[in-house]
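Asks: Sharing a structure, written as structure tokens. Questions coming.
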Amino acid sequence: MTPDRATQQLRKVPFFQFLDFAITGLDETHAVATMPFAERLVGNPIMEYYHGGIIASFMEAVAAICVSHGPDLQPPKPINLTVDYLRPAVKGPLMTEATVSRKGKRMASVRTTCWQDDTSRPVAEGVYHFLMV
Amino acid sequence: MTQPDQKKLDQIARMWSHRGRGLITEMDLKIEKVAIDGVLVRMPFNPSFCADEEKTLLHGGVLTALLDSVFGLANFVAIDGISSMATIDLRVDYLRPARSQADIMVRAECFRQTRHIAFDSGSVWFDESDQAEVARGTATFALTRGEVSIFDAMTQSRVSK
């Protein structure tokens, strides 16, 4: 599936419309996405930082797309997640790359990294587990 | 500082609600209980947080965001003189599908604080008869303590406006 087609499909999910991200790269084991900054995504009352929960949600969304994309695939069921917050995510676009660590018949494990200007300075990293059945 | 009284706690909770912006405002959170040993918060059903077109299933990410927010409030209430806090890590287990249009309830507590670190845990369920737990999370926070607490800074900035 092309990134544009995947982005179009995302529009069906209300919460993904709320996040308003677009898929920019997609293959069998990777997905990359970009999300523009918006006031509704802010978490800190004083500084314009992204909400930590929004970063976790964005990475979860990209991780799910990474393990299951296609016209008639059921979305995978999220089991749990761990997020390591490394730096504040400031005003500006946010990027996430998700990589499948292992995908079996029942389970998938996906690693994610989220950055802004510099891929070598991630704002957060995550590990997500999904049930595929 | 001496043990803060309930009036101070309620004041902190009101300030947190009024000064909230961004996602906190979108979630339309209602604080139901504030105490040193934990807080209870209600989030009304919001169709834009759903994972399906029929709008019957909340996206898991919303529960994660909710836990992170309410941990912030629990810290704010339980810890004296925080000038800033940052989430270090967050772990969430999704215990069952969040399939309901009922209000969501979150209970969170700061169960251990040191000078630099706060440890929190929390639980999420729908406000319906079985109250089955939908998600459970834990998080750690890095604290910066200073002369001016967030609470004081907010009070002062509000007065100056």
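Asks: Rounded to a whole number, what is D in µm²/s for chain A from Stokes-Einstein with the Kirkwood radius over alpha-carbon pairs (4 °C, 1.567 mPa s)?
Replies: Rounded, D is 88 µm²/s.
Asks: By the scheme Lys and Arg +1, Asp and Glu -1, what is the net charge of all other residues having a beta-carbon under 15 Å from that of A:F18?
Replies: Cβ neighbours under 15 Å give a net charge of -3.
Asks: Which residues' amide hydrogens lie under 5 Å from the amide hydrogen of B:S83, considering only partners 5 or more residues apart or on another chain, with H built in the peptide plane?
Replies: Amide H neighbours of B:S83: B:T144, B:R145, B:G146, B:I150.
Asks: Just add up the charged neighbours of B:I36: K/R +1, D/E -1, any other residue whose Cβ is under 12 Å from the Cβ of B:I36.
Replies: Its environment carries a net charge of -2.
Asks: Based on the alpha carbons, how large is the Rg to Rh ratio for the range B:79-120 when Rh follows Kirkwood?
Replies: 1.08
Asks: Around A:T82, what is the net charge, scoring Lys/Arg as +1 and Asp/Glu as -1 over all other residues with Cβ under 14 Å from its Cβ?
Replies: -3
Asks: Over the range B:33-96, how many percent of alpha carbon pairs lie in each 10 Å bin up to the one with the longest distance?
Replies: 18, 42, 30, 10, 1
Asks: Order the peptides B:63-70, B:95-102, B:18-25 from the highest to the lowest mean number of other Cβ atoms within 10 Å of their residues.
Replies: Going by the mean number of other Cβ atoms within 10 Å, highest first, we get B:63-70, B:18-25, B:95-102.
Asks: Scan the range A:13-74 for GluC sites (Glu not before Pro) in coil per DSSP, keeping those whose Cβ has at most 16 other Cβ atoms within 10 Å, and list them by number.
Replies: Those satisfying the criteria are A:E28.
Asks: Here is a further query. So how strong a dipole does the range B:32-107 carry about its Cα centre when Lys and Arg Cβ are +1 and Asp and Glu Cβ are -1, to the nearest 20 debye?
Replies: So the dipole magnitude of the range B:32-107 works out to roughly 140 debye.
Asks: I need the per residue convex hull volume for chain B, using only the alpha carbons, in cubic angstrom as a whole number.
Replies: With only Cα atoms used, chain B gives 111 Å³ per residue.
Asks: Which value, in debye to the nearest 20, describes the size of the charge dipole of the protein assembly as shown about its Cα centre when Lys and Arg Cβ atoms bear +1, Asp and Glu Cβ atoms bear -1, and nothing else is charged?
Replies: Once rounded to the nearest 20, the dipole reads 200 debye.
Asks: Pull up all non-local amide H partners of B:D52: gap of 5 or more, or a different chain, and H-to-H distance under 5 Å with H placed in the peptide plane.
Replies: Those lying under 5 Å, H to H, from B:D52 are B:L57.
Asks: Follow-up question, since we're still on this one. When you look at the Cβ of every residue in A:31-44, what mean number of other chain Cβ atoms sits within 10 Å?
Replies: Taking the mean over all residues of the peptide, I get 3.
Asks: B:I117's amide H: which non-local residues (gap 5+, or another chain) put their own amide H closer than 5 Å, with H modeled 1.01 Å from N in plane and none for Pro or chain starts?
Replies: Excluding prolines and chain starts, which carry no amide H, the hits are B:L143.
Asks: For the cross-link pairs A:K77/B:K33; A:K12/A:K103; A:K91/B:K33; A:K103/B:K55; A:K77/A:K105; A:K12/A:K91, which exceed 22 Å when the distance is taken from alpha carbon to alpha carbon?
Replies: Table pairs above 22 Å Cα-Cα are A:K77/B:K33; A:K12/A:K103; A:K91/B:K33; A:K103/B:K55; A:K12/A:K91.
Asks: Positive end of the dipole of chain A, charges at C-beta (+1 Lys, Arg; -1 Asp, Glu), about the Cα centre: which of A:W115, A:L26, A:L94 has its Cα farthest in that direction?
Replies: Result: A:L26.
Asks: Roughly how crowded by other chains is peptide A:83-89, in terms of the mean Cβ count from those chains within 10 Å of each of its Cβ atoms?
Replies: 4
Asks: For the range B:6-160, with the dipole built from +1 on Lys and Arg beta-carbon atoms and -1 on Asp and Glu ones, taken about the Cα centre, which of B:I82, B:V134, B:V92 lies farthest toward the positive end?
Replies: B:I82
Asks: Here's something else I'd like to know. Which is the longest run of chain A containing none of the trypsin sites (Lys or Arg not before Pro) found in DSSP loop states (not H, G, I, E, B) with at most 16 other C-beta atoms within 10 Å?
Replies: A:13-90
Asks: Next question, about the same structure. Among A:N44, A:A64, A:I79, whose Cα lies farthest out toward the positive end of the dipole of the range A:3-131, if unit charges sit on the beta carbon of Lys, Arg (+1) and Asp, Glu (-1)?
Replies: A:I79
Asks: Once both axes come from the Cα atoms, what is the angle between helix B:150-160 and the longest principal axis of chain B, in degrees from 0 to 90, rounded to 10?
Replies: 80
A short reminder: the numbers here are calculations on the coordinates, not readings from a lab. Please read these numbers as outputs of a predicted model, since none were measured by experiment. Methodologically, a virtual Cβ is constructed for each residue, glycine included, from the backbone with ideal geometry; neighbour enumeration extends over all protein chains shown.
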